[in-house]
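Presented below is the structure to which this report refers.
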Amino acid sequence: MPGGRGNGPDVPQGGAQTSEPVAADLPWRRAPDTALDLVERPSAAAPPVGARAARDAQRDLAPLEPAVEAESERRYTLAARILVTLVAVLLVHGAWRVGPTYDEHFYAAAGRAYLDQPDFGLNREHPPLLKYMAGVPLLLLGVEPDPNWRDQVAYPASFFYTRNGEDLSRNLFAVRLPFCALAAWTVWALFRLGRAWFGARAGFVGAFLLGLNPNWLAHGRLAGLDAGTAALVFLALIAFVHALERPTARRTLAAACLFGLANLAKFTGLLLGPACIALGALAAVLSRSTRPLLVLARVLLAGLGVFAAGYAFEARPINALWGEPAYPLSVSRAELDRGALVGLLEQELAALAPRPALADQLVRDVAGASDGARALEVLLGAVVDPTPPGLAIAALGATRALDGGPGDLRRRVVDVLLGLEGSHPVADLRLERVAALAEREIAPGPDGDPAEHLARWRAWHDRAASEDWNERILTDGPFDRLTRGLLGDRIPIPLISAIKGIDYQLYHGRYGHGSYFKGVPLQAGRDFADGNPFPEYYATVMGVKNPLAFLAATVLGIVFALLSPTRFGALRLAACLLFPAACFGLFSTGNTLMGVRYVLPIFPFLALFGARLAASLPRTALVLCAVAAAESLWIHPHELMYYNAAGGGPRGGPALTVVGDDWGQDVRATGAFLARHRAPIEAAGGLWYEPYSVGDPAAFGLVQTRLPDGPVRGIVAVHAVHLMRERAKFQWLDGFAPFTHLGYSVYIYDTRAGPPGNDPGWR
C-alpha cells in the first residue's frame with residue numbers, strides 16, 4: 001500500500017514483487033511518495049526486474065498474507081523497541097560505572113569552553129560538534145569553564161579535577177548521557193531503515209547486531225567522537241542516497257544538513273565527500289540524467305554552509321595564531337645544504353657587475369667550512385661587512401638556502417639582520433629576508449614608516465628569541481599554498497581552525513602514534529618512517545574485537561548482497577560498500593594504529609548487511625544474533641576490553657593489540673581496590689601504580705601511590721597498555737603472574753616474594 005508503514009510505494013507487504021515495470025535506481029522517474037523522513041519512512045528499494053530477478057525475489061522473500069505480514073511487523077517492531085530500551089539501559093549503566101577515559105577530558109572541557117566563547121584553539125585537531133554536545137550538560141548544570149582554558153595541556157585536568165573536582169562523577173556521567181542517547185537512537189534508526197528496505201524482521205536483526213555489539217556499547221556511552229561520527233556518517237550517506245532516489249527539497253535539505261553535521265563530528269567524515277561524488281556520478285550514469293549531479297552540488301554546497309556554521313563562520317589571520325600554543329606544531333626541518341648555499345651564492349654573484357674581488361675567496365671559504373653552521377657564519381661575516389656593498393647583498397641573497405631549514409640557523413640570521421645599522425647596504429632589503437626566515441608577516445603600521453616596521457620586528461624578536469623556530473602553523477605544502485600563499489599572514493582565513501585540524505591529522509597520519517601489535521611496541525615517527533609496518537592491523541583488530549557470530553552474519557550478508565544485488569539496487573549497494581571500503585582501506589594503509597574505534601564508522605553498514613542476511617536466511621540470522629549477544633553481554637560493563645575467543649578473550653587479547661582498548665577507564669576501579677584493601681596494601685609497602693590518564697589520581701583515592709621505575713617489591717598495578725607498549729620499562733614483570741585484574745585492563749601483582757608472585761586472595 002503506497003505510503004504504508006515502513007514500506008515505500010514499490011514494495012508491498014511481505015516483499016512480494018509488483019508488476020510495475022520500473023527500472024532499478026531511477027526513482028525520480030516515478031511519482032514521489034509522501035514518506036520523506038529518513039527514519040520514519042525511508043523509501044524502499046526498486047523492485048527487481050527480469051526473470052533472474054524474479055527468481056531471486058521468490059527465493060529471498062516468499063509472499064505472505066497481508067494479515068500475517070502485518071502481525072509480524074507489529075511483533076518485530078515491539079521487539080525493536082524493547083531492544084533499543086535494553087541498549088539504552090546498558091549504555092547508561094556503563095556510562096555510570098566506567099571511569100574516565102583518556103580523551104574524554106579534552107572533548108568535554110573543550111566543548112564547555114566553546115559554548116562560552118567560540119574559539120577553537122583548544123583541541124583544534126577535531127571538529128566541534130560532538131564537543132558541543134558534551135559541553136551542553138555542563139552548561140545546564142551551571143559548570144563554568146576555567147579562565148585558563150587556552151592552556152591546552154593543563155585545562156582539561158584543571159577543569160575536571162581542580163575547578164570542579166567535587167562533582168567529578170556527576171559531571172562525567174552528565175557529559176556522557178547525550179552520547180548514550182545518540183547511540184541508542186541510531187539503533188532505532190537502523191531498525192527503521194532495515195524494515196523499509198528488507199522487512200521488519202530484517203530490520204530487527206540489523207538493529208540487534210549493532211546495538212548489542214560490544215564495540216558499540218563500549219564507545220557509544222563515552223563522551224568521545226567515534227560512535228557519534230559513525231552514527232552521523234551512516235545517516236548522512238543514507239540520506240544522500242534517498243535524496244538521489246527522489247530529489248525533493250526536503251530530502252536534499254536533510255542530506256545537506258547531515259552531510260555538514262557528519263563532517264563536524266570528526267574529520268573521518270571528509271571521506272563522505274568522495275563517496276557522495278562517486279554515488280552522484282553513478283546515479284547520473286544509471287539515469288542518463290544530470291539531475292543527480294544537481295542534487296550532489298546542492299548537498300555539498302549547503303553542507304559546507306552547515307560546516308561553516310558549526311565553526312561560527314570563523315575567519316582569523318595566521319598572525320593571530322602564532323601566539324596561541326594550540327596552533328603551532330614543531331616539525332622536523334631539513335639540514336642546511338652547503339651545496340645549495342654555495343650554488344645560491346654563485347648565482348647572486350653572477351648577477352653583479354663587476355664581480356667583487358673578494359667573491360672567489362668567499363665562495364671557497366663557504367664551500368670549505370667544516371659544517372653548515374660554520375658555513376653560515378662565514379656567509380654572515382660577508383653580510384655584516386659593508387665593503388664591498390655588492391658582496392654583502394649577494395651574501396644576503398644566498399641566505400635563501402635556509403628557507404624552511406633548521407630553526408636555530410634561521411634565528412641566527414634574523415638576529416644579525418635586525419642588528420644592522422640603517423645605513424648598511426642591505427638595510428632596505430633585510431625585512432623581506434627576515435619575514436621569509438621567520439615564516440610570518442608583521443604589519444608595517446598604519447603610516448607605513450620603515451623605522452616603525454623595523455621596531456615591530458625587533459619587538460617580536462625579543463619575545464620569540466627563545467621559542468622553537470622549527471614550529472609551523474601548517475605542515476602540508478598544499479594547505480600552506482592555498483591559505484598563506486594566497487592571503488598571507490594578515491588577511492583573515494576562513495575556517496582556519498578546520499584547515500589547521502585537517503593539516504594536523506594528515507601530519508599525525510604520516511608521523512604515526514605510539515602503538516603495539518603482535519608483541520612489537522611501535523614508536524611514533526621512528527617506526528613509521530617507511531609507512532605502516534602492519535597493513536593487516538585493522539583486519540586483525542576487526543577479527544578479534546567482534547563476536548564471531550557478528551562477523552559471520554555480516555560476511556554472509558555481504559555475500560548475499562553481491563549474489564543478489566537487485567535486492568539492494570545498484571545505488572544503495574554501492575553506498576553501503578563504498579564508504580566502509582574507503583574507510584577501512586584508508587586506515588589500513590595509514591600510520592594511525594589506534595584500535596577498533598577508528599573503524600567504528602563501518603559498523604552500522606555491517607549491521608545493515610546483517611539485515612540483508614535476514615531477508616534470505618531469517619532463522620540463521622536470528623540464531624547468529626542470539627549467539628552474538630551471548631558472546632558480547634557477559635563482559636558488561638567492560639566492553640572496551642572485549643576480545644573474542646579467537647583473540648584470546650580479554651585476558652589474552654591484549655598480548656595481540658591493546659592500544660585504544662585500555663583507555664585508562666579503570667583508574668577509578670584501581671582507587672576502589674586500594675580503598676577495599678588499604679590496610680594489607682600499606683602493610684606490604686603501599687601500591688606502585690602509574691595511571692593512564694590526564695586526571696588527578698587523588699580524585700580516585702590514589703594519593704600515596706608511587707610510580708614504578710624498575711623492578712620493585714610490593715603490590716604493583718599496571719595498565720595493560722603500559723605493560724605492552726612500554727616493554728623496556730615493564731618487562732621485568734614477565735616472570736610474574738597477576739593475581740587479579742580490574743576491569744581486565746589493570747593487572748595487579750604481588751612481587752614481594754619474587755616470581756611468579758603470591759595470590760593474597762584479594763578481589
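Principal axis extents of the C-alpha atoms in the stretch 333-469 (largest first, rounded to whole Å): 43, 33, 18. On average over all directions, what projected area in square nanometres does the stretch 469-514 have, based on the convex hull of its Cα atoms? So the Cα hull casts an average projection of 3.8 nm².
When the Cα positions of G512, I491, F568 are compared along the charge dipole of the stretch 425-569, F568 comes out farthest toward the positive end, with charges on each C-beta of Lys, Arg, Asp and Glu.
Could you state the number of Å between the C-alpha centres of the stretch 696-721 and the stretch 402-442? A separation of 50 Å, based on Cα centres.
Magnitude of the charge dipole for the stretch 98-169, about its Cα centre and with charges confined to Cβ atoms of Lys, Arg (+1) and Asp, Glu (-1), is about 120 debye. Diagonalising the gyration tensor over the Cα atoms of the stretch 98-169 and scaling each eigenvalue by 5 before taking the square root yields semi-axes of 16, 13, 13 Å, largest first.
Stokes-Einstein D for the stretch 497-563 at 4 °C, 1.567 mPa s, Kirkwood Rh over Cα pairs, in µm²/s? The estimated diffusion coefficient comes to 88 µm²/s. Within the straight-line cut-off of under 16 Å between alpha carbons, the lysines reachable from K518 are K545, sequence neighbours fewer than 8 places apart in one chain being disregarded.
Of all stretches in the chain that contain no chymotrypsin sites (Phe, Trp or Tyr not before Pro) in a DSSP loop with at most 12 other Cβ atoms within 10 Å, the longest one is 314-633.
For the chain, the Kirkwood hydrodynamic radius comes to 29.4 Å, computed from all pairs of different C-alpha atoms. Cα-based radius of gyration for the stretch 560-655, normalised by 2.2 N^0.38 Å, reads 1.28. Placing a pseudo-label 7 Å from each Cα along the Cα-to-Cβ vector at A70 and R364 gives an inter-label distance of 10.5 nm. Distances between every pair of Cα atoms in the stretch 667-750, grouped in 5 Å steps from 0 to the bin holding the largest one, split as 3, 15, 30, 28, 18, 6, 0 percent. Within straight-line reach of K131, meaning a Cα separation under 21 Å, sit the following lysines at least 8 residues removed in sequence or on another chain: K266, K500. The ranking of R170, R430 from fewest to most other beta carbons within 10 Å of each one's beta carbon is R170, R430. Distance between the C-alpha centres of the stretch 372-400 and the stretch 537-594: 61 Å, rounded to the whole angstrom. Between A646 and S330, the contour length at 0.36 nm per residue exceeds the Cα-Cα span by 109.6 nm. For K729, a cut-off of 17 angstrom between C-alpha atoms picks up these aspartates and glutamates, skipping any fewer than 8 places away in its own chain: E690, D709.
Projecting the Cα positions of C625, V383, L244 onto the charge dipole of the chain (unit charges on Cβ atoms of Lys, Arg, Asp and Glu, taken about the Cα centre) puts C625 furthest along the positive direction. Think of each Lys and Arg Cβ as +1 and each Asp and Glu Cβ as -1; about the Cα centre, that makes the dipole of the chain roughly 2780 debye.
Of the chain, which part is the longest with no GluC sites (Glu not before Pro) in a loop (DSSP not H, G, I, E, B) and with at most 14 other C-beta atoms within 10 angstrom? The longest uninterrupted stretch comes out as 41-334.
Treating each Cα of the stretch 201-288 as one equal point scatterer and applying the Debye formula with no solvent, the log10 of I(q)/I(0) at q = 0.12, 0.15, 0.17 Å⁻¹ comes out as -0.44, -0.66, -0.81. Here S564, S332 are placed in order of increasing Cβ neighbour count within 10 Å, fewest first, which gives S332, S564. Length gained on full extension, L352 to H453: 33.5 nm, using 0.36 nm per residue less the C-alpha separation. Summarising the amide proton neighbourhood of F517: residues at separation of 5 or more, or on other chains, whose placed amide H is nearer than 5 Å comprise L522.
By the count of neighbouring beta-carbon atoms within 10 Å, fewest first, L258, L640 end up ordered L258, L640.
Since every read-out is calculated from the coordinates, none of them should be taken as a lab result. All figures in this text were calculated on a predicted structure; none of them were measured in a lab. Cβ: placed from backbone, ideal geometry, glycine included. Neighbour counts: every protein chain shown.
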